[in-house]
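Structure, as structure tokens:
The values are calculated or read from the model by the stated rules, or taken from the named source; none is laboratory data. Since we're looking at a predicted model, the values are computed, not measured. Virtual Cβ from ideal backbone geometry, glycine too; neighbours counted across all protein chains shown. Just so you know, the surface numbers come from the protein's heavy atoms only, side chains and all, with ligands and any DNA or RNA stripped out. Shrake-Rupley method; radii C 1.70, N 1.55, O 1.52, S 1.80 Å.
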Amino acid sequence: MARKSIHTGYRHLAQYYDQLLSSLRAPMDVARRQVLGRILPQVVSACDLACGTGTTALALARKGIRMFAVDSSRAMCRLARQKARRTGLPLRVLCADMRKFRLPEPVDLITCEFDALNHVPRKADLQMVAKAVAQALKPGGYFFFDVNNRSGFERYWSGTFWIERRGVVLVMRGRHDAKHDRAWTDIELFIREGKLWRRRHERVEEVCWSRDEIRRALREAGFDRLRAWDAAPFFKNDPMIRPGCRTVYLARKSSATKHLE
């Protein structure tokens, strides 16, 4: 059986992603600054995994970090390359699956933001991602990521909301399967073309894990430390993100054979 791909729901949304969703970036920018504040000055090279249109990768490149960016969506990769050319910042963009990506060289830091890690098709895929990340990191390197938790699935993956911008409207209708730790959103894009509106449909799916499942996958992949922060304080102005809905993690790859603390 062919392996199910990731990010199948970003073929149409990719083109309008920044226009519709860039205003939601601020909380993760705050989380990154606070969690990685003491680490970034020592980072020489890094990779943004599931990079989307390249915004985080380019923000780190502005700090003088040698950056790679990885995404499984060809449309997202194309937009990230275009954005890098416009800014004049060096960024190498690779189109690859986060479960089996490879970098040209090991890096000091890998980021994976905006619950992108939840987008793998199966719960068992977490172990594959953890191993791929560990292989791409230098000994002692760091993995920074955030995930939606079960309470988050229950709260904001079970309703409908919409965003309107000039010439485009996004409607998202979420559903949650608690028994199988899965959630999905049916996306309706309405794009204005002259006097008419064209409708595009996509589906974005997510799976979730407990903290113990995340800890176990990282330990088996060779990480020896894991710290966690509830994301609610970073999302102060978002009434949907309540305590327990989302978690921000920082894991360190072992420089020797150790166990998670």
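Excluding Arg155 itself, what net charge comes from residues whose Cβ is under 12 Å from its Cβ, given Lys and Arg +1 and Asp and Glu -1?
Working: positive: Arg150, Arg242, Arg246; negative: Glu154, Asp238.
Net charge in that neighbourhood comes out at +1.
Given Cα pairs under 8 Å that are at least 6 residues apart, what percent is the relative contact order of the chain? Could you put the intermediate results ahead of the total?
On the way: 540 pairs, mean separation 48.0, N = 261.
Contact order relative to length: 18 percent.
Assuming 1.002 mPa s and 20 °C, estimate D for region 85-192 with Stokes-Einstein, Rh taken as the Kirkwood radius over Cα pairs, in µm²/s.
On the way: Rh = 16.6 Å.
For the chosen part, D equals 129 µm²/s.
State, as an integer percentage, the relative contact order of region 101-199 based on alpha-carbon contacts under 8 Å between residues 6 or more apart. Walk me through the intermediate numbers first.
Details: 136 pairs, mean separation 21.1, N = 99.
Relative contact order here is 21 percent.
Once neighbouring chains are kept in place and the probe is 1.4 Å, which whole percent of the accessible area of region 109-261 is contributed by carbon and sulfur?
Working: 3750 of 7670 Å².
Here carbon and sulfur together make up 49 percent of the probe-accessible area.
Based on DSSP, what percent of beta bridges with both residues in region 67-175 are antiparallel, to the nearest 5? Intermediate values should be presented prior to the final figure.
Details: 6 of 15 bridges.
Antiparallel bridges make up about 40 percent of those DSSP assigns within region 67-175.
On the protein heavy atoms, probe 1.4 angstrom, tell me the percent of accessible surface of region 14-108 carried by carbon and sulfur.
Details: 2190 of 4460 Å².
Answer for region 14-108 is 49 percent, counting heavy atoms of protein chains only.
When the scattering of the chain is computed by the Debye formula from its Cα atoms alone, each counted once and equally, what is log10 I(q)/I(0) at q = 0.09, 0.10, 0.16 Å⁻¹?
-0.39, -0.48, -1.31
Enter the angle in degrees (range 0 to 90, nearest 10) between the Cα long axis of helix 211-221 and the first principal axis of the Cα atoms of the chain, meaning the one along which they spread out most.
The angle comes out at about 60 degrees.
Listed here are the pairs Lys195/Lys236; Lys63/Lys123; Lys63/Lys131; Lys63/Lys100; Lys131/Lys179; which of them are more than 30 Å apart at the Cα? If you can, show how the numbers build up before the last one.
Details: Lys195/Lys236 39 Å; Lys63/Lys123 35 Å; Lys63/Lys131 28 Å; Lys63/Lys100 28 Å; Lys131/Lys179 27 Å.
Going by Cα-Cα distance, Lys195/Lys236; Lys63/Lys123 fall outside the 30 Å limit.
Check cross-link reach from Lys83 to the aspartates and glutamates: straight Cα distance under 17 Å, and skip same-chain residues fewer than eight apart.
Within the straight-line limit of under 17 Å, Lys83 reaches these aspartates and glutamates: Asp18, Asp48, Asp71.
Dividing the convex hull volume of the Cα atoms of region 6-158 by its residue count, what figure in Å³ per residue is obtained?
Values: hull volume 18.1 nm³, N = 153.
Roughly 118 Å³ of hull volume per residue.
When only C-alpha pairs under 8 Å and at least 6 residues apart count, what is the relative contact order of region 184-253, in percent?
Reported as a whole number, the value is 24 percent.
Keeping all protein chains in place, calculate the accessible area per residue for the chain (probe 1.4 angstrom), answer in Å². Please report the intermediate quantities before stating the final value.
Working: 13100 Å² over 261 residues.
Per-residue value: 50 Å².
Run through the DSSP bridge list for the chain and note the antiparallel percent, rounded to the nearest 5. Show your work: numbers first, answer last.
On the way: 42 of 59 bridges.
Counting DSSP beta bridges with both partners in the chain, the antiparallel share is about 70 percent.
For the charge dipole of the chain, defined by +1 on Lys and Arg C-beta atoms and -1 on Asp and Glu C-beta atoms about the Cα centroid, which residue among Thr53, Trp229, Trp184 has the Cα displaced farthest towards the positive pole?
Toward the positive end, the furthest listed residue is Thr53.
Measuring from centroid to centroid over Cα atoms, what is the spacing of region 162-191 and region 52-81 in Å?
Measuring centre to centre over Cα atoms gives 24 Å.
Limiting things to C-alpha atoms, what are the Rg and the maximum Cα-Cα separation (Dmax) for region 63-129, in angstroms?
Considering region 63-129 through its Cα atoms, Rg and Dmax are 12.9, 39 Å.
Counting other Cβ atoms within 10 Å of each Cβ, which trypsin sites (Lys or Arg not before Pro) in region 155-225 have at most 11 and sit in a DSSP loop? Show your work: numbers first, answer last.
Details: sites: Arg155, Arg165, Arg166, Arg173, Arg175, Lys179, Arg182, Arg192, Lys195, Arg198, Arg199, Arg200, Arg203, Arg211, Arg215, Arg216, Arg219, Arg225; in loops: Arg166, Lys195.
Answer in residue order: Arg166, Lys195.
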